[in-house]
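Engineer: Just dropping this structure here.
The values are calculated or read from the model by the stated rules, or taken from the named source; none is laboratory data. From a predicted model like this one, the values you see are computed outputs, not experimental measurements. Because the Cβ atoms are built from the backbone with ideal geometry, glycine has one as well, and the counts that use them run over all protein chains shown.
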Amino acid sequence: MTGRRLPGPHRGTGPTHEIPRSPASDVLFPAGLWAEAVYSRRAIPATLAEGHAAPGRNEAEIDPFPRGSRFPLMPPPLHLPPPPEFPADPADPSDPAVVSALLHYSYGLLQHDLTPGGWPLHRAVASARCRYPSELTLVTPTGALRFDPLHHQLMFLPSSVTGIQCAESESASRFVVITSRFARTARLYGDYAPRLCAQEAGMLLGAVHLVASALGLRTRPGQDRRTLNDLCAPWLPTAGEHPMGYLELERSTSSGGPVDACPQRPAGQAWPPPDLASVLRARHSGATLFDPEPASAARELTGDLEAALAAAPFSDFSCHLLARSITNLAPGHYIHSEGRLRQVGEGDPLASLERIGQSEGRVSMNFRSTVCVAYLAVRRGTAVARYGDDAFRRLHLGAGAAAHLICVVAARHGLAARVHNGFDAATAERLLGLIPDEETVIFQVAVGAARPSASFRLPVVF
């Protein structure tokens, strides 16, 4: 998988320049947002049911479309990792074949609804009402290239060439940068948009990390605010986007020492799963109302879950699994710790699920037919004390990456996974035994067998 290199505006040998530092963002995620976005029990805005924009929120705004040279990407492979007939050379983050596969299976279009009035285009990552506020930008030694999933192309951002400091060599690292257009989601959700955008940014970071691992790339996922701002500085001030996270990509034979931030996976567990592409094409969130059919999952689901969470790019979260219908696994409350699930509570957790899963005094979904429900908790108090307002972004990145892995595990076992914010965080803290005033749940992921729906969905295959 070698040969052609990524396009760029030039490959001169002139002097490099320091990246101009963008000013620190003024309270993108103020401390008060925790109470509004995590503890609030308000219902989904009534306007959502009618498909209108939230009142006073960007009704007439049109997303700016980047201008610049376009570079068509190679058709992505149908299988991940590549089939044996590909050369056995280490994956190269400057190889167009690798870049094409990485971007497509991280955030490309994988499914298409043919049903009139439905949400027509679905990407590799779950998104609130398919708004997809996140953007992926590949930062190379010669500039920044924005991924256009609709056309499967890269668009060169002309403003990015000014001042990028990076060695003019083929071995230099590439960065995948995640930014977010809050306005795109605020059209439906108003002030609730930052929570949803932060959740999706975390899931997207997890998606890029997972696909990079399958391709044999070594990664360094990053949350550092200064590095992130430096990577975004050349183009972000005029883009109407907020910087969210990044991953550094290197060849697996790099001489600079190990950069893979993943912990060791449990012995005997294959992760990423074989033929990850097929699993990602099968991933879905169920119908508009998540009402799964009663079904059981194989015991292997928990083994995959252990392996996936152990390989998550960040470890600043805990996973509480309330299992109801997994073969050869006693119903109860399990916690993922040191790469394994250990039981901390016995008995059918349905009562706890229905008490946690409250929204405006009503149960938010049919928990009686779920196979299991995962709750991802974070140490909010410690993070706020260390990072201040930036704790909101950092913790959603870490937990979001893990949430995406749970969704992929569900897809591998023919199940749907729904990330659903209809839960009472205070009740979750109490029933799950979290540390008071320190830990809080920020993700609820329900797993079950989706019922047939009225929509007709096809895979997108190049």
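Engineer: Where in the stretch 233-339 are there strands (runs of 3 or more DSSP E), lying fully within it, with 1 or more residues that are surrounded by 20 or more Cβ atoms within 10 Å (Cβ to Cβ), modelled with pLDDT of 85 or more and assigned by TED's automatic domain parsing to the domain that holds ALA193?
Structural biologist: Here the list reads 242-250.
Engineer: Could you check the stretch 356-380 and list, in sequence order, the residues that are in contact with a helix residue (DSSP H, G or I) (Cβ under 9 Å, 6 or more places away or on another chain) and surrounded by fewer than 17 Cβ atoms within 10 Å (Cβ to Cβ)?
Structural biologist: The answer is GLN358, VAL363, ARG368.
Engineer: Determine which single condition ALA311 fails, assuming it passes every other condition in (1) within 23 Å of the chain's Cα centre (by Cα); (2) within 21 Å of LEU431 (Cβ to Cβ).
Structural biologist: The number of the failed condition is (2).
Engineer: Filter the stretch 290-319 for residues that are among the polar types (S, T, N, Q) and farther than 17 Å from GLY400 by Cβ and give the result.
Structural biologist: Hits for the stretch 290-319 are SER296, THR302.
Engineer: Report, by residue number, each residue of the stretch 369-389 that is out of contact with any strand residue (DSSP E or B) (no Cβ under 8 Å at 6 or more places or on another chain), in contact (Cβ under 8 Å) with a residue 60 or more places away in the chain and either closer than 26 Å to ALA308 by Cα or not assigned by TED's automatic domain parsing to the domain that holds HIS336 (or both).
Structural biologist: ALA383
Engineer: Check off (1) more than 23 Å from the chain's Cα centre (by Cα); (2) aliphatic (A, V, I, L, M); (3) closer than 20 Å to LEU305 by Cβ for LEU415 and give me the number that stays unchecked.
Structural biologist: (1)
Engineer: Mind checking which residues of the stretch 205-226 are touching a Phe, Trp or Tyr at 6+ places or on another chain (Cβ under 7 Å) and either among the β-branched types (Val, Ile, Thr) or free of Cβ contacts under 8 Å to residues at least 60 places away in the same chain (or both)?
Structural biologist: Scanning the stretch 205-226 gives VAL211, GLY222.
Engineer: Using beta carbons and a limit of 8 Å, which pairs, at least six apart or on different chains, have the first residue in the stretch 288-308 and of a type in the set (Phe, Trp, Tyr) and the second one assigned to a loop (DSSP other than H, G, I, E, B)?
Structural biologist: PHE290/MET365; PHE290/ASN366; PHE290/HIS420
Engineer: Please determine whether any residue of the stretch 381-388 is surrounded by 20 or more Cβ atoms within 10 Å (Cβ to Cβ), aromatic (Phe, Trp, Tyr) and over 16 Å from the mean Cα position of the chain (by Cα).
Structural biologist: no
Engineer: Kindly provide the set of residues from the stretch 374-393 that are over 18 Å from SER337 (Cβ atoms) and either hydrophobic (A, V, I, L, M, F, W, C) or in contact with a Ser or Thr (Cβ under 7 Å, 6 or more places away or on another chain) (or both), ordered by number.
Structural biologist: If the condition is that a residue be over 18 Å from SER337 (Cβ atoms) and either hydrophobic (A, V, I, L, M, F, W, C) or in contact with a Ser or Thr (Cβ under 7 Å, 6 or more places away or on another chain) (or both), then ARG380, ALA383, VAL384, ALA385, ALA391, PHE392 are the ones that fit.
Engineer: Among the residues of the stretch 186-229 satisfying the criterion of being under 18 Å from TYR387 (Cβ atoms) and charged (D, E, K, R), which is surrounded by the fewest Cβ atoms within 10 Å (Cβ to Cβ)?
Structural biologist: ARG226
Engineer: Another one. From the list ALA417, ALA410, ALA446, exactly one residue is under 18 Å from ALA323 (Cα atoms), of a type in the set (Gly, Ala, Ser), out of contact with any Lys or Arg (no Cβ under 7 Å at 6 or more places or on another chain) and assigned to a strand (DSSP E or B). Which is it?
Structural biologist: ALA417
Engineer: If you don't mind, another one. Regarding the stretch 454-461, can at least one residue be identified that is crowded, with 23+ Cβ neighbours inside 10 Å and either closer than 23 Å to GLU200 by Cα or not assigned by TED's automatic domain parsing to the domain that holds ARG380 (or both)?
Structural biologist: No, there is no match, as no residue in the stretch 454-461 is crowded, with 23+ Cβ neighbours inside 10 Å and either closer than 23 Å to GLU200 by Cα or not assigned by TED's automatic domain parsing to the domain that holds ARG380 (or both).
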